[in-house]
Amino acid sequence: MAMKSLSFLAILSLLALTFPLAIASDPSPLQDFCIGVNTPANGVFVNGKFCKDPKLATADDFFFSGLQNARPATNAVGSNVTAVNVNQIPGLNTLGISLVRIDYGVNGQNPPHTHPRATEILVVHQGTLLVGFVTSNQDGNRLFTKTLNVGDVFVFPEGLIHFQANIGRSAAVAFAALSSQNPGVITIANTVFGSNPPINPNVLAKAFQLNPKMVMDLQAIF
Ligand SMILES: *[C@@H]1O[C@H](CO)[C@@H](O)[C@H](O)[C@H]1NC(C)=O
């Protein structure tokens, strides 16, 4: 028995020594970048936010109200995303989770985008959605797609480009949880064709195999 627990201890300490080394990495960034400053006076972010004294915390630090309300989806793509992340619920800081409500108009869509810091799990609350994500180049840019009805759930793995389109005859609503307090969003069309200042049209023309005039037309839209 003594021998057994000794060797068990030995294995445990070996694991403790080797395992952290094997998986060690910087903590995931919780913002797009973090410019180092020498004085905390301007240091607003510390891998997220500074922490409030826990003794001063209240229930309201963990509370948000408003996801019961439908939002207008009258923009060009026909959707409206209401985010509930660390910026709405300060108590989410460091907890690695957040939520969105997405309203889709008739023929509306949440256009191809990625969350640099989160996997997303989505549930349809109302309507019918065509959803999908595309794997990375290494995995052959495979499209995984599905038609979802009320109560159906679909997962978009972290970092992969994904979309949802309302293919029903009326408005649609979905809720989604994301595995970051601040998942970030990169909308492909806006990022590529709507950057500020614009990317040189010749660069995008070659990248997308278009002529520069087509690129400039797209840049004018976004
Ligand atoms: C989404 O809804 C909010 C709240 O009603 C509104 O202020 C905002 O303009 C809407 N956004 C879009 C993209 O329609």
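The values are calculated or read from the model by the stated rules, or taken from the named source; none is laboratory data. Model, not experiment: these values are computed from the prediction. Glycine also receives a Cβ, built like all others from the backbone with ideal geometry; neighbour counts cover every protein chain displayed. Quick note on the areas: whole protein, heavy atoms, side chains included, nothing else; ligands and nucleic acids left out. Shrake-Rupley method; radii C 1.70, N 1.55, O 1.52, S 1.80 Å.
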Of the candidates Asn202, Phe163, Ile221, the farthest towards the positive dipole end of segment 141-222 (Lys/Arg Cβ +1, Asp/Glu Cβ -1, centred on the Cα centre) is Asn202
Here the gain from full extension of Asn149 to Asp61, 0.36 nm per residue of separation minus their alpha-carbon distance, amounts to 28.3 nm
Rounded to a whole %, the carbon-and-sulfur portion of the accessible area of segment 67-222 at a 1.4 Å probe is 58 percent
Of all C-alpha pairs within segment 68-123, those more than 12 angstrom apart amount in percent to 71 percent
In order over segment 56-72: 3J(HN,Hα) from phi, Karplus 6.51/-1.76/1.60, θ = phi - 60°, whole Hz, x for each Gly or Pro, gives 9, 5, 10, 4, 5, 5, 10, 10, 8, 10, x, 6, 6, 8, 5, 10, x
For Ile167, other-chain or 5+-apart residues with amide H closer than 5 Å (H placed, Pro excluded) are Thr128, Leu129, Leu130
Calc'd 3J(HN,Hα), segment 112-123, phi into Karplus 6.51 cos²θ - 1.76 cosθ + 1.60 (θ = phi - 60°), Hz, glycine/Pro = x, comes to x, 7, 9, 9, x, 10, 8, 7, 10, 10, 10, 10
Length gained if Asn137 through Phe222 is fully extended, taking 0.36 nm per residue and subtracting the Cα-Cα distance, is 28.0 nm
Segment 159-222, convex hull of Cα, quarter of hull surface, nm² -> 6.6 nm²
Per residue, accessible area of segment 76-184 with a 1.4 Å probe, heavy atoms of protein chains only, in Å², comes to 45 Å²
Against the 2.2 N^0.38 Å rule of thumb, the C-alpha Rg of segment 79-189 sits at a ratio of 1.03
The correct ranking of Glu120, Glu158 by accessible area at 1.4 Å, largest first, is Glu158, Glu120
Counting only residues 5 or more apart in sequence or on a different chain, those whose built amide H sits under 5 Å from that of Glu158 are Thr119, Glu120
In segment 76-184, taking the dipole from +1 charges on Lys and Arg beta carbons and -1 charges on Asp and Glu beta carbons about the Cα centre, the listed residue (Phe144, Ala172, Val86) farthest towards the positive end is Ala172
Counting only DSSP loop positions in segment 49-79, the trypsin sites (Lys or Arg not before Pro) whose Cβ has at most 16 other Cβ atoms within 10 Å are Lys52
Here the FRET efficiency for Gln68 versus Asn202, based on Cβ atoms and R0 = 35 Å and rounded to 0.05, is 0.10
